[in-house]
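Read the structure below first, then the notes.
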Amino acid sequence: MQLPKFPHTKNEWKAALSTNSSKEKSSQWINKDLAPTPKAARTWSWISLSSYWWGNAFNASQWSNGASLISVGLNWWQALISCMLANLISSSVALALGRPGARYHIGYPVLARSVFGMYGQFFFVWVRAVVAIIWFGVQSYFGSQLLGVLLRCIFGNSWWHMANHLPESAGISSRDLLAFFLFWMIEIPFLTVHPSKIKFLFAAESIICPLACIGVFAWCVHYGGGIRVETLASTTPATAGGLGWAMMNGINSCLGVTSALLVNQPDLTRYTRRPKDAGWRQASSIFASKTLIFFFGIGATAAVQGKFGEAYWNQWDLLNAILDRFWGPAARAGCFFASFGFSLSILGVNIGCNAIPFGADVTGLQPKIFTIVRGQLFCGLVSLAIVPWKLLTDGSAFLTFLGSYNIFISPICGIIIIDYFFIKRGNIHTPSLFTPARGTLYYYIKGWNLKAVGCWVSAALFGIPGLVGAYHPSAVAKAANHMYQMGWILCFAVSATFYFVINLVLPPQVIPSGYDANAKHFEGFAETEGYLEGDALVEFQALEVQDGEEPASGSNSFKVEEKV
C-alpha cells in the first residue's frame, strides 16, 4: 500500500492549494475540483469504497448508538432489528446517490445544480457545509478522548493526574484540552491530501478498526461470562402500540447516524474507475459493517454491565473503566491498541465524512478562492471556533436541533434520487452544469428549480411540529411527536412523492435546446459522460457570464477543446 506524499516544499504546497491547473484558471462556476474528474484521478475501486465504509463504521457514534434505542423502550433484539432495517434503507439510498457521481464523475455541489438550479444549489450546499464543520469539531473532541486513553496507557498516572489549571467554567480540564489540540494537530497533515489520494487511510482503517472492536468485544464477553442481554432492559419497555413507534424511532435514530454519509456519496464515487465500483458490493459493505458494530456495542456493554455495575456506552469510558479495575501491563497494552484503532476510526470519519464534503461545498460556493484541499484545511481551522466541549456539555438545546438534521437532509436525498432515476432517466448534460445563462438547461427560473425547492420545504414542514415538541413536549399533539419519530422516512417519502407527481404534471426539459438526442434511454448521456454530438469538453478557464446573460454568439461560457 503506497502512502501519499504530503506537501512539504513551497512548490508542492502551491500546487496542492491552487484553484487552477497548470494551464487553466478558475472562474465563478468552475475550477479544477469542480470540473468532472479526469481519468488520471479516477483511482478508487470497489475495494476503496468498501474500505471507506468498513473503517468509518467502527467509530464511537456507531458503537454507542444502541444506547439511544434501549432508552426508547426496545430490548436488545428489537433494537438489532431496527438497526438492520435502517441499514437496509441506508445502503439502498447510498447505492442510488452514488450512481450519478460514478457515471458523470461530478461531486454533490455540481450534481445539485442539475436538481435545484444554478443558484438554488447554493442553499443546499451551504446546509451541508454548516453541519459538516460542526461535526468536525465534535468528532475531534471524541478523538481526543480516545487519544487521552492512549496517552494514559503510555504515561500512566503522570498523564491521568495532570494538574488542572483551568476554571470549572471552561468546561474542560488542562489534560483534555491538551489531548484535543494534539489530536487536532494529528488531523492537519491528512487535510492536505486530495480525496483522490486519501484512500490509503480508509484501507488502513478497514483492517485496524474492526480488529480493535473485535478485541474489545471478545474481552468483554470473556470477562462477563457471556452477553447478559437482560442487563440492557429499558426501565420503561415499550409494549403493544408503543412498540411500533419505538421501533420506528429506533430506525430513525440509526438512519440519523448515517444521513450525512449518504448525501456525501457523489463526492467519493466521482473518483471511481468504473460505475460498477459504486455498486452492490459497497452497498453490502454498508449493511454488514454497520450491523456488526451495532451488535458489538450492545454486546460488549451488556457483557460487562453486571460486573462493572454501570453501562459504559462510550468507547473511552469503557476503556478507562477497564484500566481503573485492571491496571497493569496487559491492560495497558490492550487498551493502547484498542484506543489506537478507535482513534484511527475517528480520524477517518472526520476526513471522509466531514472534511472532504466541506471542502467540496466551499469549493462549489467560492471556486475562485477554494479548492477541496483548501476547504479541508479551512474546515480544520474554523472547527476550533465552535468549542466542541462546551457544545457537548452546555449546548443540549443546540444538539437537539443538530439531531433534527434528518428532517432537512432526507428530503434532499429523496429529490435527488427521483430527479436522476425517474425524471431525467439518468441523463445529465455536462456542459450545462457550468453555464448559468438564461435559457440553458439548469437555469430553470432565474437559476432556481422552484419545484425541487418547494418539495423540500413541504417535506421538511412535516417534521417541524415534532422538532418543536422536542423542546416543548406539551406544546404539540402526540401525532406530531410520532411524525418526528419517523422523521427520516416520512420526509424522504414526502419529498420523493411530491417531486415525482409535480414533474408528471409539469414535465421538465431534459435535452438542451437545439440538440437532437433521445433522453428516454436510461443513462444514454452517460455513455459519453454527459456530452452530446457537437459539444465541447469542459475545462477550467471560464468567461464571466452574469446572471441571466446569454453566452456570446459563437462562443461557450467556458474554455473548450474539440471533442473526439
Quiz prompt | Label-to-label distance, nm, for residues given as T43 and F421 (7 Å Cα→Cβ offset) | solution = 3.2 nm
Quiz item: What list of ³J(HN,Hα) values in whole Hz, one per residue of the stretch 487-500 in order, does the Karplus curve 6.51 cos²θ - 1.76 cosθ + 1.60 (θ = phi - 60°) give from phi, with Gly and Pro shown as x?
Solution: x, 5, 5, 4, 5, 4, 5, 5, 5, 5, 5, 4, 5, 5
Practice problem: Tell me what the chain gives for mean residue ellipticity at 222 nm when only DSSP H runs of n ≥ 4 count, each as -39,500 (n - 2.57), the sum divided by the residue total, rounded to 500 deg cm²/dmol. | Solution: -19500 deg cm²/dmol
Quiz item: Within the set K197/K446; K424/K446; K276/K520, which residue pairs have Cα atoms separated by over 29 Å?
Solution: K197/K446
Self-check item: 0 to 90° range, to nearest 10: angle between helix 356-365 axis and the chain longest Cα axis
Solution: 30 degrees
Quiz item: Any idea of the accessible area per residue across the stretch 91-215, 1.4 Å probe, to the nearest Å²?
Solution: 33 Å²
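When the accessible area of the stretch 45-394 is computed with all protein chains present and a 1.4 Å probe, what percentage of it is carbon and sulfur?
Working: 8120 of 11930 Å².
For the stretch 45-394, the apolar C and S fraction of the accessible surface comes to 68 percent.
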Self-check item: Estimated FRET transfer efficiency when R0 is 41 angstrom, pair T497-D324 (beta carbons, to 0.05)
Solution: 0.20
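On full extension of the chain, what length is gained from H521 through A477, given 0.36 nm per residue of separation minus the C-alpha to C-alpha distance? Can you show the working numbers first?
Details: separation 44, 0.36 × 44 = 15.84 nm, distance 4.74 nm.
Additional length available on full extension: 11.1 nm.
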Quiz item: Quick one: if the Förster radius is 45 Å, what FRET efficiency do H161 and W280 give, using the C-beta to C-beta distance and rounding to 0.05?
Solution: 0.30
Quiz item: For the chain, what Kirkwood radius comes out of the mean inverse Cα-Cα distance, in Å?
Solution: 24.7 Å
Self-check item: Inter-probe distance in nm under a simple model that places probes 7 Å from Cα toward Cβ, at I445 and A385
Solution: 3.5 nm
Exercise. Would you calculate the separation in nanometres between label points at S92 and K368, each defined as 7 Å from the Cα along the Cα-to-beta-carbon direction?
Key: 4.5 nm
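The values are calculated or read from the model by the stated rules, or taken from the named source; none is laboratory data. The model shown is predicted, which means the values in this text are computed figures rather than measured ones. Heads up, the Cβs are rebuilt from the backbone with ideal geometry, glycines too, and the neighbour counts pull from every protein chain shown. Remember, those area values only see protein heavy atoms, side chains included, never the ligands or the DNA or RNA. Shrake-Rupley method; radii C 1.70, N 1.55, O 1.52, S 1.80 Å.
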